[in-house]
Amino acid sequence: MRSLKQIVEYHQFGAADGHPVIYFHGTPGSAEECQVFDRYGKANNLVIICYDRSTLDPQLEGVAYYQRIADEITDKVAGKPVDFVGFSMGAFIALQVCQAMNGKVRSLHLVSAAAPLDADNFIDLMAGKAVFRLAQHNPFTFLLLARLQGCLARRIFPGLLFHMLFSSAAGEDKTLVADKSFRATIIRGLKTCFNHPQAYVRDIKAYVQPWKESLPDITVSTTIWHGAKDNWSPAAMAEYLESAIPGWASTEVLNDLSHYSCLYRAIPEICRQLNPASGDQRDHSTLSEDIHAEN
């Protein structure tokens, strides 16, 4: 009897029959994040697909976890070239899955990317350092914390959890925090994320383990997008990733922007670059000047 393969849920936005782009959401976060790509995906003939990693068995970890996502993507795109966009800690997952794709990824875009903690003393610069240290040194207590966060997000005061997470907002993220639509989107994502706290724990625990040695294997053309005022993934992380990824193509550091504000500013340009009909041949110095002029 043929075994039934576990269904991995996903969200899809943009042009239904467009060029496939896989978006890797942050942690905490959810597949609903990629709805902000919708109009830009439609305008650039891209279909943006984001897998809900929480629908995978939480016991699936390490190489098997990344390979399972890679297999799902391979089935979905059916031989078409594919591009990856990874946001925040989703950039870490994107890098691991990229290796599992065995050369089938055309390009990587890493936005507000979290670099490996074993590469430098980054953790002291991160707004979430207490959580990451807990995950490193006391995983059982970290699991209890995740369950408490789940109770806040799902049942008691989801708005309180939002304010706790964004109490350290910097740069243009402060403006986003005051926006009702942004708050509603993030709160929905937190509820979805903490519906499955073990999946959230899986990503955090994997991230805090040493993984810098995997970066020399990334030969895919990689663009790094980072806010100069990001205090969740400090700008030093972008500098490190630039130096460590052999396939590095360019880094766009966006003035006055922080974590989510960098994502929102980068999305239109990423979609324009990935448009299969764009033929964008501008050099990266010109592109950088254009973006910085907007800030």
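Details
- Top positive-direction residue, dipole computed over segment 1-103 with Cβ charges, set Phe84, Ser30, Gly18: Gly18
- Across segment 11-164, Cα pairs under 8 Å and at least six residues apart give a relative contact order of 20 percent.
- Legend: ranking of residues Tyr200, Tyr40 from fewest to most surrounding C-beta atoms inside 10 Å; resulting order Tyr40, Tyr200.
- Net charge dipole size for segment 173-261 [Lys, Arg +1 and Asp, Glu -1 on Cβ; Debye, nearest 20]: 600 debye
- For segment 58-102: rounded, prolate or oblate by the Cα gyration tensor [a/c cutoff 1.5]: oblate
- Counted by neighbouring Cβ atoms within 10 Å, the residues Ile48, Ile7, Ile267 run from fewest to most as Ile7, Ile267, Ile48.
- Debye, to nearest 20: dipole size of segment 1-76, +1 on Lys, Arg Cβ, -1 on Asp, Glu Cβ: 160 debye
- Ranked by how many other Cβ atoms sit within 10 Å of their own Cβ, fewest first, the residues Phe37, Phe132 fall in the order Phe132, Phe37.
- Three-way shape label, the chain, alpha-carbon gyration tensor, a/c 1.5: rounded
- Each peptide in 107-118, 63-74, 227-238, 207-218 was scored by the mean count of other Cβ atoms within 10 Å over its residues; highest first, the order is 107-118, 227-238, 63-74, 207-218.
- Beta-bridge orientation, the chain: approximately 15 percent antiparallel, per DSSP, counting only bridges with both partners inside.
- Overall form of segment 160-262 per C-alpha gyration tensor (a/c, 1.5; a/b vs b/c): oblate
- Leading residue at positive end of dipole, the chain (Cβ point charges), from Ala43, Ile69, Met126: Ile69
- Rounded to the nearest 20 debye, the dipole size of segment 1-152 about its Cα centre is 160 debye, using +1 on the Cβ of Lys and Arg and -1 on the Cβ of Asp and Glu.
- Applied to segment 237-248, the Karplus parametrisation 6.51 cos²θ - 1.76 cosθ + 1.60 on θ = phi - 60° returns per-residue 3J(HN,Hα) values of 5, 5, 4, 5, 4, 4, 7, 9, 9, x, x, 4 Hz, with x for Gly and Pro.
- Amide hydrogen neighbours beyond the local backbone of Asp52, cut-off 5 Å, H modeled: Glu9, Tyr10, His11
- Over segment 1-130, the Kirkwood radius and the radius of gyration, each from Cα atoms, give a ratio Rg/Rh of 0.99.
Quick note: the coordinates plus some simple rules give every number you see, no bench work behind them. A quick note: this is a predicted structure, and the numbers were derived from the prediction, not measured. All Cβ positions, glycine included, derive from the backbone under ideal geometry; neighbour counts span all protein chains shown.
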